[in-house]
1. Counting only heavy atoms of the protein chains, get the accessible area per residue of the stretch 56-136 (1.4 Å probe) and round it to a whole Å² value.
2. Between L143 and E106, 0.36 nm times their residue separation minus their Cα-Cα distance comes to what?
3. Show the residues, 5+ positions off or on another chain, whose built amide H is closer than 5 Å to the amide H of T104.
4. Say each of R86 and M1 gets a label point 7 Å from the Cα, pointing the same way as Cα to Cβ; how far apart are those two points in nm?
5. Given a Förster distance of 30 Å, report the FRET efficiency between R28 and K117 from their Cβ-Cβ distance, rounded to the nearest 0.05.
6. Give the long-range amide H neighbours of A24: residues separated by 5 or more places, or on another chain, with amide H under 5 Å away, using H modelled in the peptide plane at 1.01 Å from N.
7. Ordered by residue, what ³J(HN,Hα) values in Hz, to whole numbers, does the stretch 83-91 give under the Karplus form 6.51 cos²θ - 1.76 cosθ + 1.60, where θ = phi - 60° and Gly and Pro are x?
8. No solvent, one uniform scatterer per C-alpha: report log10 I(q)/I(0) for the stretch 1-155 via the Debye equation at q = 0.09 1/Å, two decimals.
Amino acid sequence: MRCPYCGGLDTQVKDSRPSDDSSAIRRRRICPDCGGRFTTFERVQLRELIVVKRSGRKVPFDRDKLQRSVETALRKRPVEAERIERLVSGITRRLESTGEAEVTSEAIGEAVMEGLKGLDDVAYVRFASVYKNFREARDFEELLGHLAAGAAQAASADEAPATEEPVPPARRPRSRAS
């Protein structure tokens, strides 16, 4: 692993341990040339993904770009870093497990929106406004209307009384003849 400080190629691993969600190996390294210390992460990669942009251009999938996009949408929101990491790992695994070598940028955007909707409504609206290229306040109103309708529907489903099976009438105890 190349040292990010001096460019030396002979770095040494001082400590290895699984990440919090066990989706990666965290390694602490030291460079014997300059003494610099840094951390690397090793993750499983099922296949090399190619992202097909709206313009038709093809670029390699960049997990770090996905992470930055999600973190930007969640900036200053009360969401733990572990939940963000789980979301990004889940989206990445889902994309890799489709069996396709190419994935559209629209599919990635929709997966992020779906994940953010379940994580934080404000981040969902932030991401959607950039992803869907909102130009007017009406675009926000429409998205918020859909969001509110979905929340109302979920709330009414929670409040709906459960159908109960009929309870047979209580039996009176038989009197014993003496």
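The values are calculated or read from the model by the stated rules, or taken from the named source; none is laboratory data. Source: prediction; values computed, not measured. Virtual Cβ from ideal backbone geometry, glycine too; neighbours counted across all protein chains shown. What goes into the accessible areas is simple: the full protein's heavy atoms, side chains included, and nothing from ligands, DNA or RNA. Shrake-Rupley method; radii C 1.70, N 1.55, O 1.52, S 1.80 Å.
1. Values: 4730 Å² over 81 residues.
Value for the stretch 56-136: 58 Å² per residue.
2. Details: separation 37, 0.36 × 37 = 13.32 nm, distance 1.75 nm.
Contour length minus the Cα-Cα distance gives 11.6 nm.
3. Distant-sequence amide H within range of T104: V52.
4. The answer from the label model is 2.6 nm.
5. Numbers: r = 36 Å, r/R0 = 1.21.
So, using R0 = 30 Å, E works out to roughly 0.25.
6. Hits under the 5 Å cutoff: S19.
7. Those phi angles translate into 5, 5, 4, 4, 5, 5, 5, x, 5 Hz.
8. Ignoring solvent entirely, the Cα scatterers give -0.41.
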